Amino acid sequence: MKFIITKDYEEMSRKAANIFAAQIIAKPDSVLGLATGSTPIGTYDRLADLCAQGDIDFSKISSFNLDEYCGLSPEHDQSYRYFMNQHLFSRVNIRMEETHVPNGLADDMEKEGLAYDAMIREYGGIDLQILGIGNTGHIGFNEPDDAFPTSTHKVELAQKTIEANSRFFNSIDEVPKYAITMGMLSIMNAKKIILVANGKGKADILYESCFGPVTPKVPASILQLHPDVTIVADKDAASVMLEKVPELL
Ligand code: F6R
């Protein structure tokens, strides 16, 4: 694992966007793995700026998102398809038909998951995957479990995740209880991974994920086994790591 520790959210977003920009410049037809949530919004803002300035070109890029809430249509303003259109896709010159988000309305989630993984394989796998981290240690919506889930699948969201995500909804009762998420196979097969984290609330789980035992009880800990992971964290999210592993600075 590599660590980039930044002074604040703004710098975290810039550094993460720079890694994306380098990837897009080096391989203009890259397959990007994308995340939602509040953490990557600044990264997507920077990427939109870089595209508007003509520094990066999304015309040959394709993308696969990690997850989607079950039961929300793409038009629902809390669906992850809507989020991606709003924060990135409508602001860059990506071909909409080359953007993929799991279908949260699929009748058969198992079939949808297998088809999603097959499509990722047809595209040659993900070149660069961005991840956030939930306070349960989830990546995508892979919640703590007895085993690491492999393929894209339907998952019941942890109560802690429902509570954390209720900030985006009018009330906690509106938060979907289920989601469809990429499993660990497509994530771990990505050639390069960056995980972005900011704020004190992520400090304990980030330390556990990076330096604790590799266990499905802390899903992000699996990243310790990947050969090319960069953690981009602001100093608040990195605070427990810095206290326990001061050599990181
Ligand atoms: C979203 C996703 C989740 C989030 C995580 C952190 O696509 O995969 O794992 O990255 O819940 O969310 P924020 O950034 O809102 O703290």
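What follows draws every value from the coordinates through simple rules; no lab data is involved. Treat the numbers as computed from the prediction; the structure is a model and nothing was measured. Methodologically, a virtual Cβ is constructed for each residue, glycine included, from the backbone with ideal geometry; neighbour enumeration extends over all protein chains shown.
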Ranking 102, 76, 90 by how far each Cα lies towards the positive end of the charge dipole of the stretch 75-129 (+1 on Lys and Arg Cβ, -1 on Asp and Glu Cβ), the top one is 90
With R₀ set to 35 angstrom, the calculated FRET efficiency between the beta-carbons of residue 27 and residue 110, to the nearest 0.05, is 0.60
Sorted largest first, the C-alpha extents of the chain along its principal axes in whole angstrom are 47, 43, 35
Treating only Lys and Arg (+1) and Asp and Glu (-1) as charged, each at its beta carbon, one finds that the stretch 2-248 has a dipole about its Cα centre, in Debye to the nearest 20, of 640
In the chain the DSSP beta bridges are antiparallel at a rate, in percent to nearest 5, of 30
With the 8 Å Cα cutoff and a minimum separation of six or more residues, the stretch 1-148 has a relative contact order in percent of 26
Working note, the stretch 13-102: Cα radius of gyration (Å, one decimal) and Dmax (Å, whole number) are 12.5, 38
Cα-based Debye curve of the stretch 209-249 sampled at q = 0.19, 0.22, 0.27 Å⁻¹ gives log₁₀ I(q)/I(0) of -0.62, -0.81, -1.05
Reduced to Cα centres, the span from the stretch 180-246 to the stretch 38-68 in Å works out to 22
The chain: relative contact order from alpha carbon pairs under 8 Å, six or more residues apart, as a whole percent, is 24
Among 27/154; 60/192; 111/217; 2/160; 7/200, the pairs whose Cα-Cα distance exceeds 22 Å are 27/154; 111/217; 2/160
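Run the helix sum for the chain: -39,500 (n - 2.57) per DSSP H stretch of 4+ residues, divided by residue count, reported at 222 nm to the nearest 500 deg cm²/dmol.
After summing the helix terms and dividing by the residues of the chain, the value is -9500 deg cm²/dmol.
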Rounded to one decimal in nm, the spacing of the 7 Å Cα→Cβ label points at residue 10 and residue 224 is 3.6
The equivalent-ellipsoid semi-axes of the stretch 124-166, taken as the square roots of five times the Cα gyration tensor eigenvalues and listed largest first in whole Å, are 20, 14, 9
Once normalised by the length of the stretch 200-243, the mean sequence separation of its alpha carbon contacts under 8 Å that are 6 or more apart gives a contact order in percent of 49
